[in-house]
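Computed from the coordinates by the stated procedures, all read-outs in this text should not be read as laboratory data. Because the structure is predicted, anything quoted here is derived from the model rather than measured. All Cβ positions, even for glycine, are placed from backbone atoms using ideal geometry, and neighbour counts span all protein chains on display.
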Amino acid sequence: MPINLDGKKVLIIKLRYIGDTLSLLPVIENLRVKSQNTTLDVMVNKGTEEVMAPHPGIRRLWVYDRKRAKRNAASSLRYHCTLLRQLRSEKYDAVIDFTHGDRAAFIAFMTGAPHRITYQNASALSHLLMNHIIRSDPFKHHIVDQQLLSLHLFGLDDLDRTLRLHIPQSFLDLIRSDVIGSQADVD
């Protein structure tokens, strides 16, 4: 039986670099289109948030500051306690960890979400802390297809794997004015 997303809150975690972060876009877009009553939040590494921020399907973008998280023991503890307290207060119904590492698995577990999802190729700690494991061979599936498999747990099928980057109109206007302005200088 699929996990009901209607009116639920979902957190997606991807603590990787920019290319891996971009691979989340089809998952976010499919959730936005096929599960419109779902509240979707995303956590990404600092430095990758700019590509996700304009997406209309994201309610809240959590930025994980790896440097702050690793500064020293006291600072790391303060940072993580504050972050975990904030995450728990959101009362997520499901967390999908696309990072596959211990840190993201621990964060997912500490949210208190009843549904915690990861993949068979995730870390050993992930397998202990998560309660839904997606069986997928990463050598047989593209990362986008592998991530889209998680949406089957929610009864979502016929998924679009297109990567759509949402660019704010203000940025497009700025680019247009710069291009038009630079072409005028050439003439």
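Among the trypsin sites (Lys or Arg not before Pro) in region 1-68, which ones are in a DSSP loop with at most 16 other Cβ atoms within 10 Å of the Cβ? Mind listing them?
Counting only loop positions with at most 16 other Cβ atoms within 10 Å, the trypsin sites (Lys or Arg not before Pro) in region 1-68 are Lys46, Arg59.
Determine, for Glu29, Glu50, Glu90, the number of other Cβ atoms within 10 Å of each Cβ, and report the residues in order from fewest to most.
Placing the least packed residue first, the sequence is Glu50, Glu90, Glu29.
When Ile133, Ile28 are ordered from fewest to most other Cβ atoms inside 10 Å of their Cβ, what list results?
Fewest-to-most ranking of Ile133, Ile28: Ile133, Ile28.
Met43's amide H: which non-local residues (gap 5+, or another chain) put their own amide H closer than 5 Å, with H modeled 1.01 Å from N in plane and none for Pro or chain starts?
Amide H neighbours of Met43, under 5 Å, 5+ apart: Ile12, Ile13, Lys14, Trp62.
Using the number of other C-beta atoms within 10 angstrom as an exposure proxy, rank Val33, Val51 with the fewest first.
So the ranking, lowest neighbour count to highest, is Val33, Val51.
Summing +1 for each Lys or Arg and -1 for each Asp or Glu, what net charge is found among the other residues whose Cβ lies under 9 Å from the Cβ of Ile12?
For residues surrounding Ile12, the net value is -1.
Please compute one quarter of the surface area of the Cα convex hull for the chain and express it in square nanometres.
13.5
Quick one: Debye curve from the C-alpha atoms of region 1-65, no solvent, what's log10 I(q)/I(0) at q = 0.22 Å⁻¹?
Summing over Cα pairs of region 1-65 leads to -0.86.
List the residues whose amide H sits under 5 Å from the amide H of Thr48, counting only those 5 or more places along or on another chain, with H placed 1.01 Å from N in the peptide plane.
When sequence neighbours closer than 5 places are left aside, there are no close amide H contacts.
Would you mind checking which residues have amide H under 5 Å from Tyr119's amide H? H placed 1.01 Å from N; only 5 or more apart, or other chain.
Ile134
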